[in-house]
Amino acid sequence: MTFGLGKHERLCAGRLIDALHTEGQRLNVYPMAVRWMVCPDETFSTPAQVMFVAPKRKLHHATDRNRAKRLMRECYRLRKPELYRFLTANNIKIALSLSYMHNQPMSYATLSGKFDKVMAQLEKSLVPQCTD
């Protein structure tokens with residue numbers, strides 16, 4: 001398993017994004033809001049497709065939004081193998097949206113620590129889906 005984050009792992013299908021925001025489940029773990037939705041097996045080839053959001057309402061400067069998304073991508077990229085192992089072991093495919101909800105930019109060290117909690121909560125939320 002590589003630590004890269006290729007095009008096929010990014011969520012960019014308009015219909016799937018709309019479905020994620022209308023039908024998906026929401027999980028708030030400060031400083032991020034996570035939306036996720038279990039998808040059928042034939043939807044995409046990877047266990048998860050992800051998109052990163054930094055709203056203009058929270059971070060007014062484009063450089064701050066770009067930095068927040070870059071840091072979230074890096075945190076996700078480094079924890080991706082653990083998530084993929086969990087998803088493949090339980091035969092689940094998910095569409096995932098990670099939104100930055102803090103008003104100020106955070107350092108990588110702080111965000112990385114918070115991201116561990118986000119992934120733990122996400123896996124805890126996915127456990128009921130494993131039994132279905």
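Read the figures in this text as sums done on the coordinates, not as results from a lab. Since this is a predicted model, take the numbers as computed values, not measurements. Methodologically, a virtual Cβ is constructed for each residue, glycine included, from the backbone with ideal geometry; neighbour enumeration extends over all protein chains shown.
Couple of notes before you dig in:
- Isotropically averaged projected area of the stretch 25-74, using the convex hull of Cα atoms (one quarter of hull area), nm²: 4.4 nm²
- Sites Arg70 and Thr43, calculated FRET efficiency, Cβ-Cβ separation with R0 30 Å, nearest 0.05: 0.65
- DSSP bridge pairs, the chain: antiparallel proportion in percent, nearest 5: 65 percent
- Between helix 62-89 and the chain: long-axis angle, C-alpha atoms, 0 to 90°, nearest 10: 20 degrees
- Volume per residue of the convex hull around the Cα atoms, evaluated for the stretch 8-126, comes out as 100 Å³.
- Burial ranking of peptide ranges 57-66, 78-87 (average Cβ count within 10 Å, highest at the top): 78-87, 57-66
- Between the alpha-carbon centres of the stretch 80-106 and the stretch 5-55 there is a gap of 8 Å.
- Proximal aspartates and glutamates to Lys56, defined as alpha-carbon separation beneath 18 angstrom and excluding residues fewer than eight positions away on the same chain: Asp64
- Per-residue ellipticity at 222 nm from helix content only, as computed over the chain with -39500 (n - 2.57) for each DSSP H run of at least four residues, stands at -16000 deg cm²/dmol.
- When the GluC sites (Glu not before Pro) in the stretch 1-72 are filtered for DSSP coil states and for at most 15 other beta-carbon atoms within 10 Å of their beta-carbon, the remaining sites are Glu42.
- Rounded to the nearest 10 degrees, the angle from helix 14-23 to the longest Cα principal axis of the chain is 90 degrees.
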